[in-house]
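Since the structure comes first, as structure tokens, the remarks are kept for the end.
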Amino acid sequence: MKVSSTEFLKSAFQESDWPKDAKPEIAFLGRSNVGKSSLINSLLMVRGLARTSSTPGRTQSLNFFAINERFRFVDLPGFGYARVPQNIKSTWGDMVTGYLAKRPQLVLSIHIVDSRHEPTKQDLQLHEWLEESNKPRLTVATKSDKLSNNELRKNLGRIARVLNVDSVMAYSAKSGRGREELWRAIKSAIDR
């Protein structure tokens with residue numbers, strides 16, 4: 001897909017802050033520090049649009065980005081370990097669950113896992129929730145450039161078994177591996 005324009009729209013801490021129009025949305029979700037913001041920047045080939053950090057928990061709100069003035073990416077707060085106060089972390093679950101459950105504009109949830117590690121219990125809970133809610137979803141394994149092809153193939157198989165999915169897409173924000181394949185999936189979801 002040709003990206004002609006990208007714009008950070010807003011950070012939303014509550015439902016009343018969400019954009020009001022009916023443009024389709026693609027949500028990026030996963031553990032803290034799994035590479036959600038890096039994946040978004042890499043997909044759009046724009047540095048720094050989605051803020052990245054080596055400190056887990058940097059994304060603390062729902063961040064909306066307009067793409068081609070036609071659809072939106074939504075960067076959700078990570079779950080699991082994060083260096084933020086407990087009272088802030090505890091609100092993330094409700095905020096994310098509320099968005100995923102209530103948002104009719106949501107056409108695809110991209111569940112991001114780290115290709116180097118087995119999915120956590122929280123990854124499995126998220127996957128099961130998306131499945132039970134009958135939400136369109138895709139599992140993407142980031143940081144694939146950090147593994148040999150053999151290790152990556154083995155780990156993708158293990159992730160697919162743990163999450164009980166047919167396939168897991170390998171992605172590297174550094175090399176761009178998986179970019180075209182992911183764009184095809186996003187375009188298909190938007191065009192449905």
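The values are calculated or read from the model by the stated rules, or taken from the named source; none is laboratory data. On a predicted model such as this, the values are computed, not experimentally measured, just so you know. Cβ coordinates were reconstructed from backbone atoms using ideal geometry, including for glycine residues, and neighbour counts include every protein chain displayed.
This table checks each residue for (1) in contact with a Ser or Thr (Cβ under 6 Å, 6 or more places away or on another chain); (2) modelled with pLDDT of 95 or more.
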site	(1), (2)
Thr120	no, no
Gln125	no, no
Leu130	yes, no
Thr139	no, yes
Lys146	no, yes
Glu151	no, yes
Ile159	no, yes
Arg179	no, yes
Ala185	no, yes
Restricting the search to segment 137-192, which residues are of a type in the set (Val, Ile, Thr), crowded, with 20+ Cβ neighbours inside 10 Å and touching a residue at least 40 places away in the same chain (Cβ under 8 Å)?
-> Val140, Thr142, Ile159, Val168, Ile186
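Conditions (1) touching a helix residue (DSSP H, G or I) at 6+ places or on another chain (Cβ under 8 Å); (2) crowded, with 21+ Cβ neighbours inside 10 Å; (3) at pLDDT below 85, marked per residue:
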{"site": "Glu7", "(1), (2), (3)": "no, no, no"}
{"site": "Arg47", "(1), (2), (3)": "yes, no, yes"}
{"site": "Glu69", "(1), (2), (3)": "no, no, no"}
{"site": "Thr91", "(1), (2), (3)": "no, no, yes"}
How many residues are charged (D, E, K, R), surrounded by 14 or more Cβ atoms within 10 Å (Cβ to Cβ) and assigned to a loop (DSSP other than H, G, I, E, B) if we restrict to segment 9-27?
-> 1
If you go through segment 108-134 one residue at a time, how many are aliphatic (A, V, I, L, M), within 24 Å of Arg184 (Cβ to Cβ) and in a helix (DSSP H, G or I)?
-> 2
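Restricting to segment 71-89, and then to whatever is of a type in the set (A, V, I, L, M, F, W, C) and either in a helix (DSSP H, G or I) or at pLDDT 95 or above (or both), can you tell me which residue is surrounded by the fewest Cβ atoms within 10 Å (Cβ to Cβ)? Give the derivation first.
Going through segment 71-89, the residues of a type in the set (A, V, I, L, M, F, W, C) turn out to be 71, 73-74, 76, 79, 82, 84, 88.
Still in the list and also either in a helix (DSSP H, G or I) or at pLDDT 95 or above (or both): 71, 73-74, 88.
Values: Phe71: 20, Phe73: 25, Val74: 25, Ile88: 12.
Checked segment 71-89; the qualifying residue surrounded by the fewest Cβ atoms within 10 Å (Cβ to Cβ) is Ile88.
I'm trying to understand the selection: among the residues of segment 49-67, which are modelled with pLDDT under 90 and not aliphatic (A, V, I, L, M)?
Initially, segment 49-67 is screened for residues modelled with pLDDT under 90, giving 49-61.
Correct list: Arg51, Thr52, Ser53, Ser54, Thr55, Pro56, Gly57, Arg58, Thr59, Gln60, Ser61.
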